[in-house]
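S.K.: My structure is below; once you've seen it, I'll send some questions.
The values are calculated or read from the model by the stated rules, or taken from the named source; none is laboratory data. Keep in mind it's a predicted model, so treat the numbers as computed, not measured. Because the Cβ atoms are built from the backbone with ideal geometry, glycine has one as well, and the counts that use them run over all protein chains shown.
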Amino acid sequence: MGCQRRLINLPELQAKARAANRRLLEVQRAGQGCAIETALFERISQPSLEEGQRTGALRFGDPRVMALTGALCVALVATVGFTNKSLRALVSSLLGAPYGPAQMTYDLRRLRLKGLVVRVPHSNTYTLTTDGLKAAIFYTKLDRRLLRPLLAADQPPAPAPLRAALATIDKTCTDYIARGRLAPAA
């Protein structure tokens, strides 16, 4: 926690512990209602000009962005903050590919300019803003709990009624397309 272990430092330790607990409760609260407003989604998912600087988009579905938002959702990162090095290790493991310091610096710059993270004064530590927490949880939940299962819904781990419904929809669409075709010109 960054405190010395003498009894005279107890108030500082208590303050830091309360702050971490408050942040953890914010994370849990944000996880329950993770929908984000359209304006926030548009702000982060499109390139923009922030503080006079061009800022790249954080496009939903991009593997690097999805690994980055997944890493931001890790409870420890969300509650006590993170450094370039600590977040880079998490993103690299989620990405399953090398992820260098320059890439992390660029991504931290995008996150900061989009208002998703703030740098703690006089340190190399960053913390998530409320918007950053909401966006990270939204991107991660939408990808892992909705889109991935739906895209794999026609395969055996999916429930049989869902697979049957998808087969019916597929057959109906195929028949409709076949009926809609014109006879070839003679």
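S.K.: Need the failing condition index for residue 53 against (1) of a type in the set (S, T, N, Q); (2) modelled with pLDDT under 90; (3) within 20 Å of residue 140 (Cβ to Cβ), just the number.
M.R.: In the conditions (1) of a type in the set (S, T, N, Q); (2) modelled with pLDDT under 90; (3) within 20 Å of residue 140 (Cβ to Cβ), residue 53 misses (3) alone.
S.K.: Moving to a separate point now. Could you name every one of the helices (runs of 4 or more DSSP H) located completely within region 62-144 that has at least 3 residues being touching a Lys or Arg at 6+ places or on another chain (Cβ under 8 Å)?
M.R.: Once the helices (runs of 4 or more DSSP H) in region 62-144 are filtered for at least 3 residues that are touching a Lys or Arg at 6+ places or on another chain (Cβ under 8 Å), what remains is 75-80, 101-113.
S.K.: If the Cβ limit is 9 Å and pairs must be 6+ apart or interchain, which residue in region 40-68 that is in contact (Cβ under 8 Å) with a residue 24 or more places away in the chain and under 23 Å from residue 94 (Cα atoms) pairs with which residue that is in a strand (DSSP E or B) and among the hydrophobic types (A, V, I, L, M, F, W, C)?
M.R.: That search, which allows pairs on different chains as well, returns nothing.
S.K.: All but one of (1) over 18 Å from residue 42 (Cα atoms); (2) free of Cβ contacts under 8 Å to residues at least 60 places away in the same chain; (3) within 15 Å of the chain's Cα centre (by Cα) hold for residue 72; state the number of the condition that does not hold.
M.R.: Looking at each condition in turn, residue 72 falls short on (2).
S.K.: Sticking with this structure for a sec: Here are the criteria: (1) surrounded by fewer than 13 Cβ atoms within 10 Å (Cβ to Cβ); (2) not in a helix (DSSP H, G or I). Tell me which single one residue 153 does not satisfy.
M.R.: (1)
S.K.: Look through region 95-144, keep the residues that are of a type in the set (D, E, K, R) and either closer than 15 Å to residue 74 by Cβ or in contact with a Cys (Cβ under 9 Å, 6 or more places away or on another chain) (or both), and return whichever of them is surrounded by the most Cβ atoms within 10 Å (Cβ to Cβ).
M.R.: The selected residue is 134.
S.K.: List the pairs whose first member sits in region 101-116 and is under 18 Å from residue 49 (Cα atoms), whose second member is among the small types (Gly, Ala, Ser) and surrounded by fewer than 18 Cβ atoms within 10 Å (Cβ to Cβ), and whose Cβ atoms are under 8 Å apart, counting only residues at least 6 apart or on separate chains?
M.R.: Sorted first by the residue in region 101-116, then by its partner, the pairs are 106/56; 110/56; 114/48.
S.K.: Can you spot a residue in region 49-56 that is surrounded by 12 or more Cβ atoms within 10 Å (Cβ to Cβ) and not in a strand (DSSP E or B)?
M.R.: Yes.
S.K.: With 91, 77 as the choices, which residue is modelled with pLDDT under 90, assigned by TED's automatic domain parsing to the domain that holds residue 123, closer than 18 Å to residue 124 by Cα and among the hydrophobic types (A, V, I, L, M, F, W, C)?
M.R.: 77
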